[in-house]
Every structure is written in structure tokens, then in C-alpha cells.
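Step one of this worksheet: look at the structure below.
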Amino acid sequence: MPRDTWTTVLCDSLEKVFADTEPRSFDHGIPQHVLAGETVSVQLAFLPPTTAQGALPEVRVRVEADGRLQARLSTVELVPAQFLAYDDHDAGYLRDSAGLYPDLLRPLGEEAITPAIGQWRAVWVDLTAAMPTTPGPTTVSLVLTDDDGAELGRQQVVIEVVDAELPALDLVNTHWFHCDGLATHYGLEVWSEEHWAVIDRFMAAAADVKINSLLTPVWTPPLDTAVGHYRRPTQLVGIAEDDQGYSFDFDRLRRWIRLARSHGLRSLEISHLFSQWGARTAPAIYVERNGAVVRAFGWDVGATDPAYRRLLEALLPALRAVLDEEWGPEAVIWHVSDEPHGDQAATYLAARQVIDDLLEGCTIVDALSDFELYRSGTVAIPVAATDAAQPFLEAGVDPLWLYYCVAQNRDVSNRFFAMPSSRNRVIGTQLFLAGARGFLHWGFNFYNARGSLRPIDPFLEPDAGRGFPAGDAFLVYPGTDGVPWPSIRSRVFTEAMNDLALMQLVRDRQGLDAVRTVADPDGDLSLTHYPLGPDHYRRVRAELITTLGTA
């Protein structure tokens, strides 16, 4: 049916506005709160009138709000994706066919928006409350205009400003930070001043997502690297060897630590000491010999090779001394190897024996979903996949971390393009109710194809060269001028962490039972059983704030 006028719809942050589908509208019956210093998000979706020929006028969005709220606008960009889901995926996906998916949030400055004929588009509106702030309701108007300022549509939302601040997260929240893709995408020399500037901005973006732990490439992380292949080197520590032995330059590491501290990051994770998938070899480590830097270790050097042990005997005590001086040993996390399985126990334990005496008293954390390996004492602090965590939870394992990645594509929460945002949002509640001490994800900014066989363009290959379901490999995009651009997924994950922080606040003021009564009244919310309805999460948040007693 022909449309004579512009159509506008107010949407909450959990709606994904596809070009071909009228979006779900905002439920005004559920109060929308914002705490001091917090950001909440809404969307203004719009559909132009029927156009038979010619071009549509450019449009703009104006936000009318009082001084307690600062607005930041982004266009919701449709990203092409080919690999969305595995064939046996569950029913909790929006769609699974190749196409254009709403994900990228491109910051909107003074420029106008070019609408698409016959298609829905959306503008994402972040509203950040001042800190300190004045409590009480305020009405925010989102106004769609043409380029001359004539009003084409208007939507309003009441925001209840709450005079309370969210606490810092109790748990460790880490998403592995990759420096090689930043250098490659922007055409920079590794550790050049331009590279450092980009790293600085991406660290800030990580902190915005409530990430508080940073993978630190003391040597190039041996992660998602095909056997026999090597990632672009991003080794912070300079290593030289001569007839007298090894010497080390920690200047770049000290600079990294200063940057991390400036962004409020609380923990440093040291690159894995052995290869992924069995700890069979040393990582790629580069050493200066006779004036030339060469790869001295890698796939061709076994984990128990005496030469590698000799390096570690020199390097690890010196590295620990620097970390103790610059950061503090209690906030340093060490990794041996990622996800050993039953048949890899022997090689993992052999690798542990290489470094156990050198890391005595250190915190060692590794992804481990094989409960029998945990029971045998292989890993002291396990990071269990969410779809394999039940035995750990039933056994009361503490401390326990959780993670999800490409394999967690059925029943559990995740943040693929094809999933509803509610499936991303629930992880905050799940982590709180499970009593998890940490959450780990492998891809904050992984801009390589699977196995790191080649670089990708994240704007065109969000599935890592059809290697992972789109949305698994990175949370933020490499925007222009070295500036990270957020995604719907990064914003919703931040909301999940804010849910977790709010639950901490209610727990500390009103007790744990007060949180459970609101967040899990039937006692059946788990890692595999949770509501998919988006309004549930807004409603729980509103009830938690009421329980807090400050609304």
C-alpha cells in the first residue's frame, strides 16, 4: 500500500531494525531509567513515503533533552554477512540467510542521512546521564527532519534519572585484544607512534564495554593461528641473546602498562606460554642475534625443548619483577594453553612442568571445559564454556570463569549477528546468578580470517572469511582515522555488564535474595534456560531499581 508520509517508530536497544521488516516499538509501560554516569540507548527507526522515481531528501535527527542527559547519535549500518549460523542451530535466531544485518554504529556528526527508498533505517541514540545528577523524570524527544529543518516525525520517551552510581564489576571481564589487526588494517608499522595512538583509542573502547582485563602481548599471542603459520609479530618485550645469555628490554611493556592504567583496566593477562590446542610447542618468540631479529621459537620448537626452558628461566623472573614493580602480582593473570581436552592432558601437564617453578604463587587461568581434567588437578582456575559449565557449577567450583565463542551456538547466550539482542543481554544476569569470577571472550578486535591465514575487511567479512558465524570475531569496527566504531553488539553487551553491576548494587544494599526475587523468581534461569523476550530485560532492570529504593 502506498505511504503518503514518513513513518517513525521508537525502538529500545534490543531491537534489530532490518531493512525489510517493521520493527517492534518501544513499550512505554516499562519505565526507562538511567543512573548517574550511565548510558542508555534507544533507536529512532524510519521508513520514507512511497517513491516512484527520483531521490528522497536527506534527513536529520534532532534530540531534545534537558541538561542532565548528553546525546550521542549513530546511524545503524547494515553489514553484509554470508555465514550466519551452523546448520543445526536452535530456534533462537532471527534469521540465518546471507544478507544485510544491522550491526555497525557509525558515529553521526553534523552530516545528513541519506534514506533508502522502500526500506527501514534507524538512528541509534545514546543518552548519558551527568555525574553527579539531579534525580527525576525527563522527556526526551527524537525528531526526524528534512535537511531544511521541517519536521517529518517525532517520538518521545520518558527517562527516569536515578541518583545512584553503578559500582565496578566484581568479576574479571576480558575480551582478547589483538594488536596485529590494528597495524595491518591501518597500514602501520607495529609499535610505531601511530600504532600506539590507535592502541590507545581501542583500549578506551574496551573500557567503555566494561572490559577490565587486557591481553598483553609480551610475545605474540599463540591464538587462532593455523599450525605452521605465524601471525604478524606484536611482541612487546625486546629479547637479545649473545654468548653471555639473554637480555631484555621492557620499555614497550612499561608503556603498555601506563596506557592500561590510564583507561582504568585492572588486570593484565600475559600471552599464553604454549601453543593452542594441546600445548605441544612454544609460541612464536623473536630474538635479536648478531644484530638481526629472528624467530627463535614457534611451531618447530617443542614445549619441553631445553632451549625454550633456558629462555623462560631468564625471561620469566625478569618479567615478573617488572610486573611486580609496575602493576602488582595480584592483578596479573597467566595462561598456559587454551582448552586442553582429554587426549591432550599429557602434553598440557608436561608444559606445566616446564613453568610451574617459575610461576610459583602466580594466578594461572585457562579455558577448560573437560570436567574430568579439572578434577584431576590439571587447571586450578578453569574457564568453562557456557554449554559445558553445568558439572563445574554442580560441583561448586570456585573460582570459576565462563566463556562463549563460536562453538556455543545452541541454547546458550551469544552475540552473533543472527541472534536477537536479548540473547546477548542475558549474559550479565547469568554471570551474576552463577557466581562467576570472570568472563572471557576471544575476540574484541580480531580482524583476521580463521587461523589468521590472511587479514580481512571487517566491514565486508564479519564472519572472518566465512570462518565463524558473523559477530563472533570482534565487537568493535576499525573506523576512520584510527577510531574504533561500536556495534549494536558492543552496546548491548555493555548493558549486560550494567545489569550485572546493578545486581551487585542491589545485593550490597538489600541482600542477595532481593536480587534473586527479581531476576530469577522461579529459580530456573540458567545458562541454557532464559527468556528471549526483550521486554523481560527492561522490566527486570526497572524492578531492580525500584528494589534499590532510589527511583
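Just so you know, all these numbers are worked out from the coordinates, no wet-lab data involved. For clarity, every value in this text was computed on a predicted model and none was experimentally measured. As a convention, Cβ positions derive from the backbone with ideal geometry for all residues, glycine included, and neighbour counts pool all protein chains shown.
Expected output is a single nm value to one decimal: the length gained when fully extending between Ser97 and Thr21, i.e. 0.36 nm times separation in residues minus the C-alpha distance. What is it?
Extra length available between Ser97 and Thr21 comes to 25.9 nm.
Just subtract the alpha-carbon distance of Trp196 and Asp4 from 0.36 nm times their residue separation and send over the number in nm, one decimal.
Additional length available on full extension: 63.9 nm.
Against the longest alpha carbon principal axis of the chain, how many degrees, from 0 to 90 and to the nearest 10, is the axis of helix 534-548 turned?
Approximately 80 degrees, to the nearest ten.
State, to one decimal in nm², a quarter of the convex hull surface area for the C-alpha atoms of region 424-491, i.e. the direction-averaged projected area.
Average of the hull's projected areas for region 424-491 equals 5.5 nm².
Using alpha-carbon positions, what is the distance between the centroids of region 75-124 and region 404-479, in Å?
If you average the Cα positions of each part, the centres end up 16 Å apart.
Would you mind pulling out the separation of the Cα centroids of region 483-548 and region 252-315, in Å?
Their Cα centres are 38 Å away from one another.
Mind listing the Cα extents of region 41-98 along all three principal axes, in Å, largest one first?
Projected onto its principal axes, the Cα set of region 41-98 covers 49, 42, 17 Å.
Estimate the FRET efficiency between Arg254 and Tyr230 by the formula 1/(1 + (r/R0)^6), using the beta-carbon distance for r and 41 Å for R0, to the nearest 0.05.
Plugging the Cβ-Cβ distance into 1/(1 + (r/R0)^6) gives 0.95.
Would you work out the charge dipole size for region 318-393 about its Cα centre, treating the Cβ of every Lys and Arg as +1 and the Cβ of every Asp and Glu as -1, and quote it to the nearest 20 debye?
Dipole of region 318-393, to the nearest 20 debye: 160 debye.
Could you run the Debye sum over the Cα atoms of region 131-237, one equal point scatterer each and no solvent, and tell me log10 of I(q)/I(0) at q = 0.12, 0.14 Å⁻¹, two decimals?
-0.71, -0.79
Would you work out which of Gln156, Ala55, His28 lies farthest towards the positive end of the dipole of region 7-167? Charges go on Cβ: Lys and Arg +1, Asp and Glu -1.
It is Ala55, whose Cα lies furthest towards the positive end.
Please state, rounded to one decimal and in Å, the Kirkwood hydrodynamic radius that region 209-364 gives when every pair of distinct Cα atoms enters the mean of 1/r.
One decimal place: 16.0 Å for the Kirkwood radius.
Provide the FRET efficiency to the nearest 0.05 for the Arg507-Arg261 pair, computing r from the beta carbons and using R0 = 41 Å.
For Arg507 and Arg261, the calculated efficiency is 0.90.
Would you mind computing, in nm to one decimal, how far apart the modelled labels at Asp90 and Asp305 are, each placed 7 Å from Cα along Cα→Cβ?
About 4.4 nm separates the two model spin labels.
Starting from the Cα of Glu325, step 7 Å along the direction of its Cβ; do the same at Ala130; then give the gap between the two resulting points in nm.
My value for the distance between the label points is 4.5 nm.
Projected onto the charge dipole of region 317-441 (+1 at Lys/Arg Cβ, -1 at Asp/Glu Cβ, origin at the Cα centre), which of Ser369, Asn414, Pro399 gives the Cα projection farthest towards the positive end?
In region 317-441, that residue is Asn414.
Semi-axes of the equivalent ellipsoid of region 470-514: what are they in whole Å, largest first, if each equals the square root of 5 times a C-alpha gyration tensor eigenvalue?
Ellipsoid half-lengths, sorted descending, are 33, 11, 6 Å.
For a Förster distance of 41 Å, can you work out the FRET efficiency between the beta-carbons of Ala204 and Asp524, rounded to the nearest 0.05?
The computed FRET efficiency comes out at 0.55.
Taking neighbour counts of Cβ atoms within 10 Å as a proxy for exposure, in what order, fewest first, do Met1, Met497, Met131, Met503 appear?
Met1, Met131, Met497, Met503
Quote the charge dipole size of the chain about the Cα centre in Debye, to the nearest 20; the model charges only the Cβ of Lys and Arg (+1) and of Asp and Glu (-1).
It works out to roughly 160 debye.
Between helix 306-326 and the chain, what is the angle of the helix's C-alpha long axis to the longest principal axis, kept within 0 to 90° and rounded to the nearest 10?
Computed tilt is about 50 degrees.
Roughly what percent of Cα-Cα pairs across region 27-70 reach past 15 Å?
65
Fully extended, how many nm does the chain gain between Tyr186 and Asp357 (0.36 nm per residue separation, minus their Cα-Cα distance)?
So the extension gain works out to 57.5 nm.
Once Lys and Arg get +1 and Asp and Glu get -1 on their Cβ, which of Ala204, Val76, Leu359 lies farthest toward the positive end of the dipole of the chain?
Toward the positive end, the furthest listed residue is Val76.
Using only the Cα atoms of region 7-167, each taken as one equal point scatterer with no solvent, compute I(q) by the Debye sum, divide by I(0), and report log10 of the ratio at q = 0.11, 0.20 Å⁻¹.
-0.50, -1.28
Can you compute the charge dipole magnitude of region 7-167 about its Cα centre, using +1 on each Lys and Arg Cβ and -1 on each Asp and Glu Cβ, nothing else charged? Give it in debye, rounded to the nearest 20.
It comes to approximately 220 debye.
I'd like the antiparallel share, as a percent to the nearest 5, of DSSP beta bridges with both residues in the chain.
70
Any idea what Rg and Dmax come out to for region 176-510 if you just take the C-alpha atoms, in Å?
19.4, 65
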